[in-house]
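Reading through the structure tokens given below for one structure.
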Amino acid sequence: MSQEIYYEDINVGDEMPKLVKGPLQKLQHVMYAGASGDFNPLHTDDDFAKAVGLDGVIAHGMLIMGFVGQAITQWIPRKYLKRFGVRFAGMTKPGNTITVKGNVVEKRVDGNENIIKCEVLAQDENGDVKVTGHFEAALPLKS
Amino acid sequence: MADRSKQGKEYPPITWEVERGKIRELAKAIGDPNPIYLDKDTAIEEGYKDTPAPPTFLTVPMMWSSSMPVVINDLKINFANVLHGEEEYEYYRLIYPGDVLTGIPKVVSIEEKTSKSGRKMDMVTVEILYTDQDGEKVAKARSLLIERK
């Protein structure tokens, strides 16, 4: 079993372990379309994407949110996650390498739950921001 | 522009039976190697009942049921002008294979905003509250759709 993570061990300002994804390939858009059911051709058909004024296909925003979810739950067990939200800030293209990072911004006791709140960010190799967001998790106490 | 008379309107429910294979498929598409999503035995060792759904799984019933296009059409919004601005989940319990989810989409608000460049936009917030086969709350998904006018 992976090591338990406790409320007492987390401090405001702590960094979430970084996650690097990519370089992204168009094949992943096809896989994500099938898995999620989002068949908007903007994500899989270059001709369609060009016809609406883009250079080519762009990634599903929800795929990038999925990367952020991966980053969160490789650190904080899935069962402790209570809230997770993102704002989509920019388009992601094939070839981009996405880095997800975050840090703890708040700790609070809410009833019988011990909550940590973190801000998260996904950006590409040029520092362009794709997604900003936040999550909250209720962690167990040592004592 | 988005039809404001639809604020507060609820739409026909989405019903979705959660399959282990679909959980694994989403994890693989994301490229998430976390074994709790892929392998039941590991998930049990880690304190789960079965392979739990990854954090963004609720996009699956929403997209496969085509519920969002129904809402967008009903709001008389032009698809070509819609951006997905935000997505947020509140989790009340884990989702596992075998769960039968029922989600009720609801348009909670429509507000006009003006972008920095002066362009008017309608900000449409749609919530889907999901319950399980016992009627217990599972999660709420909130999507912000931005209609550029």
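Where a number appears in this text, it was derived from the coordinates with a stated rule and is not lab data. Note that the structure is a prediction, hence the values are computed from the model and not measured. Positions of Cβ are backbone-derived with ideal geometry, glycine not excepted, and every protein chain shown enters the neighbour counts.
Among A:97-107, A:129-139, A:13-23, A:73-83, how do they line up from the highest to the lowest mean number of other beta-carbon atoms within 10 Å? All intermediate terms of the calculation are to be shown ahead of the outcome.
Numbers: A:97-107: 17.5, A:129-139: 21.2, A:13-23: 14.4, A:73-83: 19.2.
Answer by packing, highest mean first, reads A:129-139, A:73-83, A:97-107, A:13-23.
Spelling out what I want: for every residue of the range B:28-41, take phi, set θ = phi - 60°, compute 6.51 cos²θ - 1.76 cosθ + 1.60 (Karplus), and round to whole Hz; glycine and proline get x.
3J(HN,Hα) across the range B:28-41, in whole Hz: 5, 5, 6, x, 8, x, 4, x, 5, 8, 10, 9, 4, 4.
Amide H to amide H, which residues 5 or more places from B:I77 or on other chains are under 5 Å from it, using H placed in the peptide plane?
Correct list: empty.
Taking amide H atoms as placed 1.01 Å from N in the peptide plane, list the residues 5 or more away in sequence, or in a different chain, whose amide H sits under 5 Å from that of A:T92.
Long-range HN contacts for A:T92: A:A59.
Averaged across the residues of A:79-86, what count of C-beta atoms belonging to other chains lies within 10 Å of each residue's C-beta? Provide the component values of the computation, followed by the final result.
On the way: counts 9, 1, 5, 4, 6, 7, 8, 6.
Rounded to a whole number, the mean comes out at 6.
Looking at the square roots a ≥ b ≥ c of the eigenvalues of the Cα gyration tensor of the range B:53-146, which shape do they give, rounded for a/c under 1.5, prolate if a/b is larger than b/c, or oblate?
Details: a/c = 2.54, a/b = 2.15, b/c = 1.18.
Prolate is the answer for the range B:53-146, as a/c is 1.5 or above and a/b outweighs b/c.
In whole Hz, with x marking every Gly and Pro, tabulate ³J(HN,Hα) for the range B:57-64 from phi via Karplus 6.51 cos²θ - 1.76 cosθ + 1.60, θ = phi - 60°.
4, 5, 5, 5, x, 5, 6, 5
Within 10 Å of each Cβ of B:138-146, how many other protein chain Cβ atoms are there on average? Present the calculation step by step, with values, prior to reporting the outcome.
Values: counts 0, 1, 1, 1, 1, 0, 3, 0, 1.
That works out to 1 on average.
Can you give me the angle between helix A:61-73 and the longest principal axis of chain A, using Cα atoms only, in degrees from 0 to 90, rounded to the nearest 10?
30
Counting alpha carbon pairs within less than 8 Å and at least 6 residues apart, what relative contact order, in whole percent, applies to the range A:19-98?
Working: 77 pairs, mean separation 34.2, N = 80.
About 43 percent, as a whole number.
Tell me, what is the percent relative contact order of chain B, built from C-alpha pairs under 8 Å that lie six or more residues apart?
Details: 292 pairs, mean separation 44.8, N = 149.
Across chain B, relative contact order equals 30 percent.
If I model a spin label at A:D55 and A:K93 as a point 7 Å from the Cα along the Cα→Cβ vector, what separation in nanometres do I get?
0.2
HN-Hα J couplings of the range A:124-135 from phi, Karplus 6.51/-1.76/1.60, θ = phi - 60°, integer Hz, Gly and Pro as x?
Listing the rounded values in order: 8, 5, 9, x, 5, 7, 9, 8, 10, x, 8, 8 Hz.
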